[in-house]
Structure formats: C-alpha cells, structure tokens
Amino acid sequence: MKGRQEGLTGRASPLNEKGERMSNQVESVVDRLEALKREQGGAVLLFRLGDFYESFGTDALVVSQVCHVGRCSRPRVGWLAGIPYHRLDESVRRLQQAGYRVAVCQQETNEAGERVERWKSY
C-alpha cells in the first residue's frame with residue numbers, strides 16, 4: 001500500500017514523500033533539537049510554528065509551568081508546549097524573571113527561496 005509500511009508492531013507506519021519511515025524523520029528532528037540546545041548554550045528554545053511558539057522536551061515542562069500554558073506529550077517526541085504568538089513578550093519576560101535564558105527561532109524564506117532560521121536570544 002502506497003504511503004504506509006508495516007512496522008514491527010504490525011501497525012502501518014506512515015511514509016514521507018521519499019518513502020522513508022516517518023519515525024526516522026522524528027528522530028532527526030529530536031537530534032536537531034538537541035544540537036540546537038547545545039548551540040544556544042542551554043537556553044529555553046522556542047520555535048515559531050504557525051500561530052504558536054513551540055517548545056519541546058524539558059523546555060516544554062519549564063514553559064508550561066512558568067508561563068501557565070498547557071502541555072501534551074507525543075510518542076517519540078516527548079513533551080510539547082505552545083505559547084500563542086501574541087504572548088511571546090510576556091512569556092519571555094516570565095522566563096527571564098524565573099532565571100532562564102531564552103532563544104527564539106523564526107523560519108523565514110530568503111530571496112533564493114531557501115528557508116533560513118533567525119535566532120534572537122534574550
């Protein structure tokens with residue numbers, strides 16, 4: 001069946017457009033998050049995704065507690081917490097007052113049509 005592959009559990013696992021199992025993509029994203037965390041010196045990372053700034057893993061636990069937002073967990077990814085874009089300044093202020101450094105990432109498209117990450121540290 002196109003777009004699905006039987007996993008070890010017997011359940012069908014979704015495939016991406018290249019035919020790779022999606023779980024490999026999730027692992028890649030988690031690896032990228034860990035690398036970014038090291039690059040940003042351990043700051044709480046927030047990523048602009050649509051109308052929210054998302055945080056992952058232990059950062060999500062911190063964000064949910066300090067900024068009073070909900071959190072959820074996903075298999076293979078772990079904890080997630082999102083801050084509405086219009087509450088970014090307030091949330092950064094709360095995190096700083098609690099003693100955390102914050103790094104915010106927004107993806108933009110440059111003139112060549114390539115995605116570029118822009119980081120701002122607080």
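The values are calculated or read from the model by the stated rules, or taken from the named source; none is laboratory data. Just so it is clear, the model here is predicted, and its values are computed rather than measured. Every residue, glycine as well, gets a Cβ built from its backbone with ideal geometry; the counts of neighbours run over all protein chains shown.
A few comments on the model shown:
- Scan of segment 66-94 for residues that are assigned to a helix (DSSP H, G or I), under 13 Å from Val44 (Cα atoms), touching a strand residue (DSSP E or B) at 6+ places or on another chain (Cβ under 9 Å) and not hydrophobic (A, V, I, L, M, F, W, C), ordered by number: Ser91
- Conditions (1) modelled with pLDDT under 95; (2) under 15 Å from Leu45 (Cα atoms); (3) among the polar types (S, T, N, Q); number of the one not met by Asn110: (2)
- The test for being surrounded by 10 or more Cβ atoms within 10 Å (Cβ to Cβ) and touching a residue at least 24 places away in the same chain (Cβ under 8 Å) holds for Val102.
- Screening Leu33 on (1) surrounded by 15 or more Cβ atoms within 10 Å (Cβ to Cβ); (2) in a strand (DSSP E or B) shows it passes everything except condition (2).
- Residues being over 24 Å from Tyr122 (Cα atoms) and at pLDDT below 85 are entirely absent from segment 38-59.
- Any hit, segment 98-107, residues being of a type in the set (Phe, Trp, Tyr), closer than 23 Å to Arg38 by Cα and either in contact with a Pro (Cβ under 6 Å, 6 or more places away or on another chain) or at pLDDT 95 or above (or both): yes
- Cβ-Cβ distances below 7 Å connect the following pairs, each with a first residue in segment 21-42 that is basic (Lys, Arg), a second residue that is at pLDDT below 65, and a separation of six or more residues or different chains: Arg21/Gln5; Arg21/Ser13; Arg21/Leu15.
- Residue count for segment 50-65, restricted to those that are hydrophobic (A, V, I, L, M, F, W, C) and either surrounded by fewer than 14 Cβ atoms within 10 Å (Cβ to Cβ) or assigned to a helix (DSSP H, G or I) (or both): 4
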